[in-house]
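Notes follow the structure.
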Amino acid sequence: MIEQRPNAANPPNPTLNPATLGLLAAWIAHDLEEVATMARWSRTRVPALRERHPRVPERLWRSVTDVDGLGFATAVAFMGLIVAAAAADGRRTDGRSAFYQAALNGFGLHGLVHLAQSAAARGYTPGVVTSPLIVVPFTLWARDRLRRAGVLRPTRARDAVLGLGLAAAATAAAHAAARLIRRLALVPPGGCRSFTPHGAPADHRGAGRR
């Protein structure tokens, strides 16, 4: 399907701006909750969850506990760039963009994942408050606006998988970029620094001295 971009014969539809650019606004509101609560939650709740769910791979717990506040904020910033690009592409195409619609679907499914995680944890998890209040309602509302405008793509099972896969891939890429920047920031000029098993830099200033 060829995406029709606004032109003289197909003028822009400003009534869709809340649905397209609103994706970024809704994402910001949602991730502010995550940024504000992730550090304390991982410090106070993860130990109990580890004991309750011993079959969960340790690397999954480590992926949560080994990320400090700065690293998580950096990952969120990278994710924000991806969401902003999707929202802008949706605005340029009056909501027709496949990238934008996949991001919108992924955003809504991401909210459902938060609710499932909270149910499994039997308590609060970062992002669960804004999921039913902002993420899911906004996604349903935006999809309805796109449908009324005649630009909503047919919803198929593979589209849902694509949207959730896009959200997962973007999240993984953002966290990988954040880890890389964090490690580069810890390497002194003209030297290198190794890391302990828990990610803390090892001090080798005395290495080689007798």
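The values are calculated or read from the model by the stated rules, or taken from the named source; none is laboratory data. All values derive from a computational prediction rather than experimental measurement. Don't worry about glycine lacking a Cβ; one is built from the backbone with ideal geometry, like all the others, and counts go over all protein chains shown. Keep in mind that these areas ignore ligands, DNA and RNA; they rest on the heavy atoms of the full protein, side chains included. Shrake-Rupley method; radii C 1.70, N 1.55, O 1.52, S 1.80 Å.
Report yes if some residue within segment 75-96 is open to solvent by less than 20 Å² (accessible area, probe 1.4 Å), out of contact with any helix residue (DSSP H, G or I) (no Cβ under 6 Å at 6 or more places or on another chain), on the phi < 0 side of the Ramachandran plot and free of Cβ contacts under 8 Å to residues at least 60 places away in the same chain; otherwise report no.
yes
Does residue 174 qualify as being at pLDDT 70 or above, part of a helix (DSSP H, G or I) and hydrophobic (A, V, I, L, M, F, W, C)?
When the stated conditions are applied, residue 174 does not pass them.
I'm told residue 72 meets every condition in (1) under 30 Å from residue 13 (Cα atoms); (2) aromatic (Phe, Trp, Tyr); (3) open to solvent by 20 Å² or more (accessible area, probe 1.4 Å); (4) in contact (Cβ under 8 Å) with a residue 40 or more places away in the chain except one. Can you identify the failing condition by its number?
Failing condition for residue 72: (1).
Test residue 125 against the criterion of being crowded, with 17+ Cβ neighbours inside 10 Å, in contact (Cβ under 8 Å) with a residue 40 or more places away in the chain, farther than 30 Å from residue 50 by Cα and among the hydroxyl-bearing types (Ser, Thr, Tyr), and give yes or no.
No, not satisfied.
Take residue 150 and decide whether it is exposed (fewer than 14 other Cβ atoms within 10 Å of the Cβ) and at pLDDT 80 or above.
Judged against the criteria, residue 150 is a match.
Looking at 36, 102, 142, which one is at pLDDT 95 or above, assigned to a helix (DSSP H, G or I) and either touching a Pro at 6+ places or on another chain (Cβ under 9 Å) or buried (at least 19 other Cβ atoms within 10 Å of the Cβ) (or both)?
Going through 36, 102, 142 in turn, the sole match is 142.
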